[in-house]
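The values are calculated or read from the model by the stated rules, or taken from the named source; none is laboratory data. All of these numbers come straight from a predicted model, not from anything done at the bench. For neighbour counting, all protein chains shown are included, and Cβ atoms are generated from backbone atoms with ideal geometry for every residue, glycine included.
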Amino acid sequence: MVVYVVIGAFAVYEELLSTGAVARLIGASRQHVVDLCDTGQMASFRVGKHRRVRRETVNAYLADREHGRAADGSHLLQLWSCRVQAAHVALDWGHARDLALRRLAEMRGDSHLAWFADQWDGVLAQGVEAVMETLTRRDEEAAVLQNTSPFIDLLSDDERGRITDAFIEWWGSRRAAA
């Protein structure tokens, strides 16, 4: 969506993106983008019922990530979510594996996510321990995969909200203490 804004004699345009479009651009799930927006880590606003993010906001996010300056906690919030996903994987591997295989089939239909689906296939082939390890590691390689976890649907909406709320409370107290 392109919006034209008239400032004096000049017309300026802003490209406004949906959370799905942002997710494709940053190589993450749409839910991760929503979480970034909900926690104030990515500026967004609503147009009716739809959330929109300015293109320059996405460009700044990508530049920060490229230079390793993601001190906003977004990666850590994703890790918290993945840790809970890992608990679900441990409790019911068969269900989790079946859900992930369905999700990976969907991801292959999106050219932006196909590479991630292939990477996750490799992890799944190694079994439950490799999956839990990938979901809970703190390195950059794991973070890339965590952003597109095929296990996100193991979490209920209530759990997602509780994870986000707990993280915001912890993150706020951590920043206040600094």
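Being at pLDDT 90 or above and within 18 Å of Arg97 (Cα to Cα) is the filter here, so list the residues in region 130-150 that pass it.
Listed by number, the residues that qualify are Ala130, Val131, Met132, Glu133, Thr134, Leu135, Thr136, Ser149, Pro150.
Which of the residues that make up region 31-45 are surrounded by fewer than 20 Cβ atoms within 10 Å (Cβ to Cβ), touching a Gly at 6+ places or on another chain (Cβ under 9 Å) and without any contact (Cβ under 8 Å) to a residue 60 or more places away in the chain?
Gln41
Can you find even one residue in region 136-149 that is surrounded by 11 or more Cβ atoms within 10 Å (Cβ to Cβ) and without any contact (Cβ under 8 Å) to a residue 24 or more places away in the chain?
Yes, there is a match, as at least one residue in region 136-149 is surrounded by 11 or more Cβ atoms within 10 Å (Cβ to Cβ) and without any contact (Cβ under 8 Å) to a residue 24 or more places away in the chain.
From Arg97, Arg102, Arg54, Arg137, which residue is in contact with a helix residue (DSSP H, G or I) (Cβ under 7 Å, 6 or more places away or on another chain) and of a type in the set (D, E, K, R)?
Arg97
For Gly127, are the conditions met, namely being at pLDDT 95 or above, surrounded by fewer than 15 Cβ atoms within 10 Å (Cβ to Cβ) and out of contact with any strand residue (DSSP E or B) (no Cβ under 8 Å at 6 or more places or on another chain)?
Here the answer is yes, as Gly127 does meet what is asked.
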